[in-house]
Every structure is written in C-alpha cells, then in structure tokens.
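Worksheet for the structure shown next.
The values are calculated or read from the model by the stated rules, or taken from the named source; none is laboratory data. The model shown is predicted, which means the values in this text are computed figures rather than measured ones. Cβ placement follows ideal geometry from the backbone for every residue including glycine, while neighbour counts extend to all protein chains displayed.
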Amino acid sequence: MKRYDSTAKRCTFDILSDDTAKKMSYKAKWDGFRKKNLKLWSLFQECAELFRLRDISFISDEQDAFSIFQSLKHKLIKEINMNTIQLYLDFIKEVIAANDIHIYEYILNWISFIIQHPGVKSTADIIIRGVQETGKNTFTDVICDVMADAHRRNFEHFDKIQQTINQADFYANLYTFFMKRDISQANLQVIPITEAKKDIKQVNKSPVDNFVVKYLKQLKQRMECNFAEDCKPKELTEFQFKA
C-alpha cells in the first residue's frame, strides 16, 4: 500500500495481507464521476487487472513490475560547491585513507558506484579498523544520510565536520559530487594494498612461501644448499625443509 509520509516528505510502501488491505480499504471511500460513496476495496476488485503486477523487485524498469526502490531523497544540483564538502573529503583522505591517494580514490569510486547504480552489487565491501573516536561512525553516517533516512549520528567528537554537515546544502552537494564522478575506468575488484591487507596476506603465507619471497633472487641464481639450510625458517625442521 502506498502512502505519503508527511514527516519524511516521501511516499512509503507497505506489503499487506489480503485481510489487512481489505480492512484498510473498507475505511476509505471514493467519489467518482459515475459512482458515489464507493468503497476502495470494491473499486480495487473491479479494476484488479489494472493493479496486478507480475513481479516485485528492488529496482526495475518494467511497467508490470513493482520497484521497492523509489529513488534517493537528495536531488542533483547544477553546480557543486566544493567548499561545503571539502572538509568531509579531506577527512576521508587524511583519516580513513591515511593519506594514501590510491585508497582515497578507491573509496570515492566505491561510494559513487553504489549511489550511481543502486540496483547493482559492488562486489566489494570496505572494512574500517581503528580505535574508538577516530571517525569511523562519522564516515558511515554521512554515507547513510546520502542514501537513506535511517542512520545513527555520531558527530559529537568532530565539531568542525559537524558544522559542515549541518549546512543546508551539504548533502545535495555531496550527492551530486558522487553522482557526477566519472567511474567508467574504475574497477572495484582491484583493491589497493593496505597495511591490514598486507597483514592478512602475511598470516596466510606458509614459512616456505616467506622463505621463497625473501630469497627469490638467490634461488634464481641457484642458492647453495648449505646457505639455504642456514636461512631455514625456524618453524620448519630440517627434514620438512628438505622435503
């Protein structure tokens, strides 16, 4: 059932059972050109073919399919005022990406892809690790507010960012920035190397893998067995290393 939410200023949709829909429709009446005081449930039954849909999906361009996604709440603006969003972008670059330009560009492309293609999976998730009160929630809360209403605000520890976010045109500019960002050459499956990713790779390597990586140049030059045994990983016995 479609209804207008005056608080959120948008249409909302509820999936109802037949009994619930019938009870709600009986309460409302419709005065048409030919019929007066007609209950909406009776009108629905008469015009069921017009209301019947083939499918319900998250987003679809087909006329006989219902799209749950009805568009994002913010609208595009003609020109982006970078002054209103620069502090937040700097926050992503300096805090979230730790001044790594490759990670920074990847994050911007990742957010832009989600906003520009709401019905397509990005095939990648961003995991942010860090101590408390370093801005992780601030980063995600702003993204949530660009895309939806339901989110939890955690700006109290970042006064300057909060002042920027509270500006009336902040989200319109940020939304337009991500919508207009060129991501035609971006590949979200190519994830930049981070320290956390290095740690994971290191943990997943066996002692032999680490040995080969460390002494690859000498191995290519036919490392002598005596030297190799001297450099043997401590985790391996002599028998395991020779095997």
Return the pair list, or none, for Cβ contacts closer than 7 Å from residues in region 117-131 that are in the same structural domain as Pro192 (by the TED database) and touching a residue at least 12 places away in the same chain (Cβ under 8 Å) to residues that are in a loop (DSSP other than H, G, I, E, B) and surrounded by 10 or more Cβ atoms within 10 Å (Cβ to Cβ), at least 6 apart or on different chains. Pro118/Ile59; Pro118/Phe69; Gly119/Ile59; Gly119/Phe69; Ser122/Leu188; Thr123/Leu188; Ala124/Leu188; Ala124/Ile191
The helices (runs of 4 or more DSSP H) lying wholly within region 10-68 that contain at least 2 residues that are modelled with pLDDT of 75 or more are 18-27, 40-46
